[in-house]
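I have placed the structure first, in the form of structure tokens, so that the comments after it can refer back to it.
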């Protein structure tokens, strides 16, 4: 199922990597050195935001890629229908269609991890961190698949990006500690999935206690997104 | 053991609604194994929606579709194994090459690599796709895209092949090549479900034809049976700037009618499927009605101030 999308990535690897990396590396430069430097946070702040930016990349490198690809395949190429006509289980369709997002995000995150480790050696790269990247990328790819199957216009997708994805980007503890927010805002942020990827990534990469509730929240979100995708395909609502 | 003539597709009371709009309204028909079945209708009649429902893409509002013994709503995976479809819009991934699209389809249908390579070679040779195999779909002309889509649709050797306007936009040579392909596939046992706007294509290829209009089945049968509905002989009468066809059961009746027209220009010919199609669909169908008080058959059509029966069209009041 994923083969077609992987062919595309293989044939367009430089562009795929570049578009996945420019944003996160700019965040690292602008917030890590620019804002962090002017606040006097220096190296400590860079150590703080590297895991946050990696968490952020699991969202930014997946959602738009997967949702736009599915939207184009559904509404413009009509190849999504063609794929649904094949005798394949729905779970295979869901997993296969998230693969391009997971691979793109994993490649981008590994590069950022290497860059982050070079500029802040205390940020550790471990198999758990890679596993968390794959898990987070899968969860956000499912969200992208859901959006790509649900919307009928590219404008609606832009609206979702503007009202859901952009707020998540800035509020979910990627660039600052959520505890700095007012209590009500912190509680609202806790309900968003990127907050948990961010907290877990920081714990894994900086060697602090792993918040088990964040793992539970990620599992719940992943199961919910997967079930919704499965239901939409099963009931021909895409 | 499948036997030619058995129903391979059974459609019962198929209804599809989009909000208040009923796109397909209680269709019931069956397609026999081994036949080429034509599905005709004007734009917006519900042809593509019907195909989407039969091929499991569109969930029907009500009704049932059985494909080769498999209920398409409960046993959809098995039903899908039996069907191939070349959709009206080219539905290949335009970012991939022809070869990659074909390979992708082969993988989705779990066709072994060696078998896939043999089939691809034979089909691409037949359709002349060879030199275009490594071009992206986006870079091909409409005709080559269509051929690539057809290769993908028959790669897994389906029992029933759905071709939704397969020759739309093709040049004459390509159309004839495709007709040849349809005949070859059919001679090897593949049942073909064909929609087209080229009536001569349906007349030439199809064993049976169904005409659908505004979501409802207007008529179904062999081409000859359909011609019987309106009459096998047609008289074209020149009325001012337009030519009006009048249909009759026999040449004698047509001749008698033509002679009764006095000095008006007329032409007597065999009724075509296009005449049948025009009489049974679109606005012409709205003029169909029953004509009492005549000795002719009961099926009638009104054309301006005339009354047309299945045996003929007459100027006298009914």
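For region B:210-250, a residue qualifies if it is in contact (Cβ under 8 Å) with a residue 40 or more places away in the chain, touching a strand residue (DSSP E or B) at 6+ places or on another chain (Cβ under 8 Å), in a strand (DSSP E or B) and in the same structural domain as residue B:44 (by TED's automatic domain parsing), and the qualifying residues are B:210, B:211, B:212, B:216, B:217, B:218, B:219, B:220.
Can you find, within region B:80-100, the residue that is nearest to residue B:143 (Cα to Cα) among those that are assigned to a helix (DSSP H, G or I) and within 8 Å of chain A (Cβ to nearest Cβ)? I'd like the intermediate steps shown before the answer.
Taking region B:80-100 and keeping what is assigned to a helix (DSSP H, G or I), we get B:80-81, B:98-100.
If we keep only those that are within 8 Å of chain A (Cβ to nearest Cβ) too, we end up with B:80-81, B:100.
Numbers: B:80: 26, B:81: 27, B:100: 18 Å.
For region B:80-100, the residue satisfying everything is B:100.
Taking (1) surrounded by 22 or more Cβ atoms within 10 Å (Cβ to Cβ); (2) at pLDDT below 90; (3) within 14 Å of another protein chain (Cβ to nearest Cβ) in turn, residue A:24 satisfies each apart from (3).
Just one residue in the set A:72, A:102 is at pLDDT 90 or above and more than 19 Å from residue A:225 (Cβ to Cβ); that residue is A:72.
Those helices (runs of 4 or more DSSP H) of region A:143-219 in which 3 or more residues are without any contact (Cβ under 8 Å) to a residue 60 or more places away in the chain, within 14 Å of the chain's Cα centre (by Cα) and closer than 20 Å to residue A:50 by Cα occupy A:166-171, A:193-206.
Is it true that residue A:32 is modelled with pLDDT under 85 and either farther than 30 Å from residue B:99 by Cα or away from chain B (no Cβ under 14 Å) (or both)? Considered against the rule, which asks whether it is modelled with pLDDT under 85 and either farther than 30 Å from residue B:99 by Cα or away from chain B (no Cβ under 14 Å) (or both), residue A:32 comes out as yes.
Tell me yes or no: at least one residue of region B:133-154 is at pLDDT 90 or above, in a loop (DSSP other than H, G, I, E, B), touching a helix residue (DSSP H, G or I) at 6+ places or on another chain (Cβ under 9 Å) and facing another protein chain (nearest Cβ under 9 Å). The answer is no; no qualifying residue exists. Restricted to region B:101-132, and to residues there that are exposed (fewer than 13 other Cβ atoms within 10 Å of the Cβ) and not in a helix (DSSP H, G or I), the residue that is farthest from the other protein chains (Cβ to nearest Cβ) is B:112. Every test in (1) within 30 Å of residue B:169 (Cβ to Cβ); (2) exposed (fewer than 15 other Cβ atoms within 10 Å of the Cβ) is passed by residue B:239 save one, and that test is (1).
Looking only at residues in region B:8-54 that are without any contact (Cβ under 8 Å) to a residue 40 or more places away in the chain and assigned to a strand (DSSP E or B), the one that is surrounded by the most Cβ atoms within 10 Å (Cβ to Cβ) is B:30. Within region B:199-209, the set of residues being buried (at least 18 other Cβ atoms within 10 Å of the Cβ) and either at positive phi or in a loop (DSSP other than H, G, I, E, B) (or both) comprises just one member, B:206. Here residue A:45 fulfils each of the conditions (1) crowded, with 24+ Cβ neighbours inside 10 Å; (2) modelled with pLDDT under 90; (3) away from chain B (no Cβ under 12 Å) apart from (1).
Looking across region A:225-238, just one residue is farther than 26 Å from residue A:112 by Cβ and within 16 Å of the chain's Cα centre (by Cα), and that is A:226.
Looking for whichever is more than 24 Å from residue A:96 (Cα to Cα) and modelled with pLDDT of 95 or more here; the options are A:201, A:218, A:168. Which one fits? Among A:201, A:218, A:168, only A:201 is more than 24 Å from residue A:96 (Cα to Cα) and modelled with pLDDT of 95 or more.
Does residue B:181 qualify as being in a helix (DSSP H, G or I), under 21 Å from residue B:54 (Cβ atoms) and more than 14 Å from chain A (Cβ to nearest Cβ)?
Details: in a helix (DSSP H, G or I): yes; under 21 Å from residue B:54 (Cβ atoms): no; more than 14 Å from chain A (Cβ to nearest Cβ): yes.
Taking the combined requirement at face value, the residue does not satisfy it.
Being out of contact with any strand residue (DSSP E or B) (no Cβ under 6 Å at 6 or more places or on another chain), without any contact (Cβ under 8 Å) to a residue 24 or more places away in the chain and over 21 Å from residue A:158 (Cβ atoms) is the requirement here; does residue A:44 meet it? The answer is yes for residue A:44.
Can you pull out the residues in region B:57-79 that are at the interface with chain A (Cβ under 7 Å from one of its Cβ atoms) and touching a strand residue (DSSP E or B) at 6+ places or on another chain (Cβ under 8 Å)?
B:58
Out of (1) under 22 Å from residue B:35 (Cβ atoms); (2) part of a helix (DSSP H, G or I); (3) within 14 Å of chain A (Cβ to nearest Cβ), the odd one out for residue B:162 is which? Result: residue B:162 fails condition (2) only. The helices (runs of 4 or more DSSP H) found entirely in region A:1-109 that carry 1 or more residues being over 20 Å from the mean Cα position of the chain (by Cα) are A:3-11, A:36-39, A:42-60, A:79-84.
The values are calculated or read from the model by the stated rules, or taken from the named source; none is laboratory data. Quick caveat: nothing in here was measured; it's all calculated off a predicted structure. Every residue, glycine as well, gets a Cβ built from its backbone with ideal geometry; the counts of neighbours run over all protein chains shown.
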